[in-house]
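Working notes, structure below.
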Amino acid sequence: MTTLPAVTPAAERSAVTTAADRPGRGRRRSGTPYAFLAPALMLFTAFLGAPVVYAGYLSVRRVKISGLGLGRSSRVEQWAGLSNYTRVLTDSEFLPSVGRIALYGLIVVPLMLGGALLMALLIDGGRSRAGGFARTAIFLPYAVPAVIASLLWGFLYLPRISPIADVLNSAGLSAPNVFSSSWVLYAVANIAIWGGMGFNMIVLYTALRTIPGELSEAARIDGASDVQIALRIKIPVILPSLIMTFVFSLIATLQVFAEPMTLRPLANTISATWTPLMMVYRDAFIRNDIHAAAATSVVIAVATFALSFGFLKLVGSRAFRQED
């Protein structure tokens with residue numbers, strides 16, 4: 001039988017001394033997270049923070065032209081105060097474009113998220129035998145770039161070459177002109193819903209898969225139907241994911257640009273200022289007024305920030321309480 005050596009109090013203190021108690025190693029460990037975050041912070045600063053600051057600087061500047069505008073000295077950049085913002089906000093095209101985007105959001109966000117939630121619940125409930133194929137088929141439009149999707153739908157919308165119009169004509173029906181002023185908003189919204197539903201469905205379906213199966217089984221034993229399980233168990237549990245997808249959709253709505261810009265050569269009902277972001281493009285690259293474009297960009301950024309964080313502030317405490 002071996003006898004273990006006696007452990008002195010000093011040896012015990014030495015044994016329990018952890019790495020955090022050592023000043024040098026503790027400092028190295030405290031700096032490790034910042035070392036991992038440094039590349040992301042540098043990219044954020046270079047490609048988001050700096051452009052935003054530069055846009056804010058340009059928005060309070062203007063170019064004063066003297067003489068005939070010939071020569072470098074005839075164009076002088078100077079302080080403009082808030083005159084660019086006043087000019088943008090009083091532009092006769094600004095408020096109609098904001099109203100158009102508001103209506104576009106009221107159509108796109110509920111239909112896209114409602115459809116994505118319904119698809120996710122159906123696939124998660126096992127009612128579809130082709131779950132894998134259904135997930136891929138619904139998600140696939142998200143992999144198509146917005147410009148390509150807009151061109152695809154644009155040719156489907158054109159009555160002269162659309163196969164849908166041929167089918168309707170063969171049935172004795174006249175194809176509607178979706179590029180008319182009454183329908184063009186819905187035509188653009190349809191492209192956004194088609195492209196965005198798959199991404200949101202995948203997010204919600206992934207959240208549904210984290211719910212323990214015992215909850216649904218217990219509810220089913222108690223006599224709950226699939227609809228009651230979805231309404232009283234699944235949807236409340238994935239509410240944070242629903243809020244996240246809503247915020248993403250809200251931001252995408254305020255930044256809609258590619259779809260109407262691509263359809264514009266096909267539809268004369270889409271103006272150069274159809275959305276606020278198209279106003280930025282017009283001012284910057286058609287009118288060569290970079291200062292007005294910067295002011296409009298700042299207004300869009302502030303509106304996006306206010307709506308996103310305002311909504312999170314409104315629903316965050318209630319929706320995320322279950323995660324505390």
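By accessible area, using a 1.4 Å probe on protein heavy atoms only, the chain has 67% of its surface on carbon and sulfur. Relative to the dominant Cα principal axis of the chain, helix 50-59 is inclined by about 40°.
Specify the angular offset, from 0 to 90 degrees and rounded to the nearest 10, of the alpha carbon long axis of helix 131-143 from the longest principal axis of the alpha carbons in the chain. On a 0 to 90 degree scale, this one is about 50. Taking the centroid of alpha carbons for each part, region 154-230 and region 53-110 are 37 Å apart. Pick from Arg209, Arg100, Arg264: which residue has the top mean-square fluctuation in a GNM of the chain where Cα pairs under 10 Å get a spring? For the chain, modelled as a Gaussian network with Cα springs under 10 Å, the answer is Arg209. Using the Karplus relation 6.51 cos²θ - 1.76 cosθ + 1.60 with θ = phi - 60°, the per-residue 3J(HN,Hα) values for region 229-245 come to 5, 5, 6, 9, 10, 5, 5, x, 5, 8, 4, x, 5, 4, 5, 4, 5 Hz, with x marking Gly and Pro. Taking the structure as given and computing Cα extents along the principal axes in Å, which label from [x] 55, 54, 42; [y] 76, 54, 36; [z] 102, 68, 32 fits? Derived directly from the coordinates: [z]. Summed over the residues of region 92-242 and divided among them, the accessible surface reaches 56 Å² per residue at a probe radius of 1.4 Å.
The values are calculated or read from the model by the stated rules, or taken from the named source; none is laboratory data. The structure presented is a predicted model; accordingly, all values stated were derived computationally and were not measured. Just the protein is used for accessible areas: all its heavy atoms, side chains included, with ligands, DNA and RNA removed. Shrake-Rupley method; radii C 1.70, N 1.55, O 1.52, S 1.80 Å.
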